[in-house]
Structures are given as structure tokens and as C-alpha cells.
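*Asks:* So that we are looking at the same thing, I have put the structure below in C-alpha cells.
The values are calculated or read from the model by the stated rules, or taken from the named source; none is laboratory data. Since this is a predicted model, take the numbers as computed values, not measurements. Here Cβ is always computed from backbone atoms with ideal geometry, including for glycine, and neighbour counts include all displayed protein chains. Just the protein is used for accessible areas: all its heavy atoms, side chains included, with ligands, DNA and RNA removed. Shrake-Rupley method; radii C 1.70, N 1.55, O 1.52, S 1.80 Å.
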Amino acid sequence: MNEQAVIITGGASGLGLVTAKLMLKHGAKKIGLIDKNEELLAQTAAALRAEGHQVATATGDISRLDSAHAAFNQIAAEFGRVHCLVNSAAIYPRKDIFEINDEDWDLENAINIKGTYHMMVAAVKHMRQFEGNDMVTGRIVNVTSVDAFKAHPQNAHYAATKAAVVSLTKSFAHACAPFQILVNSVAPAGFATERAKQLGFLPELAKANPLGRAAEPEEMAEWIVMMASSRNTYATGENVIVSGGYIYA
């Protein structure tokens, strides 16, 4: 990560936190974590700081433009420059396709689509201040899902939002190419977070996967780090599917 400063949404736990730790291991200098869970965010930041890392935090409702931009700008002001944004924040409330109500749709769209959009706009506005300083001005990586590419009647509203994020990624990549800002996404299959273990679908997923197992979060984080790192100088508008062959089986 070449001593870069990174902001990660949903960074207090789950894949966001795993990605933060891996980025620090690979040389990130500063990590900014944005999360709605203020208590957990404080605990996570304290633990990382105890290991000697420079960590900044912000809370807020990223589904609202002003709040999302304020959270990003708060950390950016502390760091001076942010090289990369990772949009990991999302909600995953499984529900039968015929039972999804207006409140379910509004919440899913608010976090997974609007939140991702607002954070990307905030990042681009910040990164454009540094155009011409490096070959790549900045990088954005969105976490999507293989559910965007397959039937998912147990969670159709989630799958629809992730398909929307794939589309947003391509649109932002095209719009940001003149600024040398690279925008990509990584689409994991189900992986073994604590939440996934609680929901109980990992054994079923393992049976359907050609590799015979669900992935570990670190295996997904490796691809996020790759797309966010200084090693990526040319890929933009890409969606990298990391499914162990599940999406093609």
C-alpha cells in the first residue's frame, strides 16, 4: 500500500475491518474507519492504535449526502490526503422475494446504493485536488457481490442493490478516467463472517461451491487490497468476481 492513507466504510467489523488490517500489514500508513456503530468503532480504533497504527474515525449516516461528506472530510482533514476509498458498508437482511416491503427497500437502497454513491462523490472531490501529483490520482474500490449476477429469491432486494453498485462503479470509472482516478469493485461469494455463521447458510454454500468450502474474509480482502494498491495502475471499471467458481458452477 506504499504508505497510503485509506478510508473504509463499515470498517469497525467484518470485511471492512479485515481489509483495514490487511492494508496495514501491506504498508498503509493511515487508516480511516467510518461506521454507524460508534461504540464498536471506538473499540476497533483503540485496538489498532494500541498496535501502533495511525487511525482516524468518523460516524454518521452515509445514506445522507451532508452526513456522508462530513464523515469523509473529517478524516481527510486529519490525514491531509486520502489515496483510496473502500466502500464496504452494506446491510444484508435476508427476506423472501414476496415479503419485501417499502421499509425494506428504502433501507437497503439507502445504505447499499445511496451510501456508496455519496461516499464516492466525496472521495472524488477530495482526490481531484491532487491531480497531476502522481500517475494515479486516487483509487476507489466498492464491495459488490456475486448475488448481483445470479438469481437470489431469498434476498432479491440485496442482490438488486449490488447490481446497482456494479453499474455505479462503471459509470464512475468512466467519469473519473480523465482525472486518473481508478474505480473498481470486488464481488465476493459468501464468506465466513460471524454474521454469515449466525445465519447458517455457509454449509449449503460450501456444498454448491466447486472448491467445497466458503472463503475466509482474508481471501476476499486480498483482492480489495490489490485493486486499492499502487500495483493497480491501469484497471478501472472492472468488477472482479471472487467466488471459488461458485458463480460459474
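*Asks:* Residue check, Val240 against (1) touching a strand residue (DSSP E or B) at 6+ places or on another chain (Cβ under 6 Å); (2) in a loop (DSSP other than H, G, I, E, B); (3) surrounded by fewer than 19 Cβ atoms within 10 Å (Cβ to Cβ), all met but one. Which one?
*Replies:* Here Val240 meets the rest and fails (2).
*Asks:* Can you tell me which residues in region 30-57 are more than 19 Å from the chain's Cα centre (by Cα) and either open to solvent by 70 Å² or more (accessible area, probe 1.4 Å) or of a type in the set (Gly, Ala, Ser) (or both)?
*Replies:* Glu39, Ala42, Gln43, Ala46, Ala47, Arg49, Ala50, Glu51, Gly52, Gln54
*Asks:* So, of the residues in region 205-218 that are open to solvent by 90 Å² or more (accessible area, probe 1.4 Å) and under 25 Å from the mean Cα position of the chain (by Cα), which turns out to be farthest from Gly244 (Cα to Cα)?
*Replies:* This residue is Glu218.
*Asks:* Identify all residues within region 192-220 that are assigned to a loop (DSSP other than H, G, I, E, B), aliphatic (A, V, I, L, M) and touching a Pro at 6+ places or on another chain (Cβ under 8 Å); write none if there are none.
*Replies:* Going residue by residue through region 192-220, those that are assigned to a loop (DSSP other than H, G, I, E, B) are 192-193, 200-201, 209-214, 216.
If we keep only those that are aliphatic (A, V, I, L, M) as well, we get 192, 211, 214.
Residue satisfying the conditions is Ala192 alone.
*Asks:* Mind checking which pairs have a first residue in region 184-201 that is more than 16 Å from Lys162 (Cβ to Cβ) and a second that is open to solvent by 30 Å² or more (accessible area, probe 1.4 Å) and of a type in the set (Asp, Glu), Cβ under 8 Å, 6 or more apart or different chains?
*Replies:* Every condition considered, the pairs that remain are Ala192/Glu216.
*Asks:* Check Phe130, Phe79 and return the single one that is surrounded by fewer than 22 Cβ atoms within 10 Å (Cβ to Cβ), closer than 21 Å to Thr19 by Cα and in contact with a strand residue (DSSP E or B) (Cβ under 8 Å, 6 or more places away or on another chain).
*Replies:* Of Phe130, Phe79, the one residue that is surrounded by fewer than 22 Cβ atoms within 10 Å (Cβ to Cβ), closer than 21 Å to Thr19 by Cα and in contact with a strand residue (DSSP E or B) (Cβ under 8 Å, 6 or more places away or on another chain) is Phe79.
*Asks:* Output the number of the condition that Ala47 fails; it satisfies all remaining conditions of (1) more than 20 Å from Val18 (Cβ to Cβ); (2) modelled with pLDDT of 95 or more.
*Replies:* The number of the failed condition is (1).
*Asks:* Only one of Lys125, Lys95, Lys150 is closer than 26 Å to Gln180 by Cα and open to solvent by 20 Å² or more (accessible area, probe 1.4 Å). Can you tell me which?
*Replies:* Lys125
*Asks:* Take the residues in region 163-174 that are open to solvent by 10 Å² or more (accessible area, probe 1.4 Å) and touching a residue at least 40 places away in the same chain (Cβ under 8 Å); name whichever of them is nearest to Gln4 (Cα to Cα).
*Replies:* Going through the qualifying residues, I end up with Phe172.
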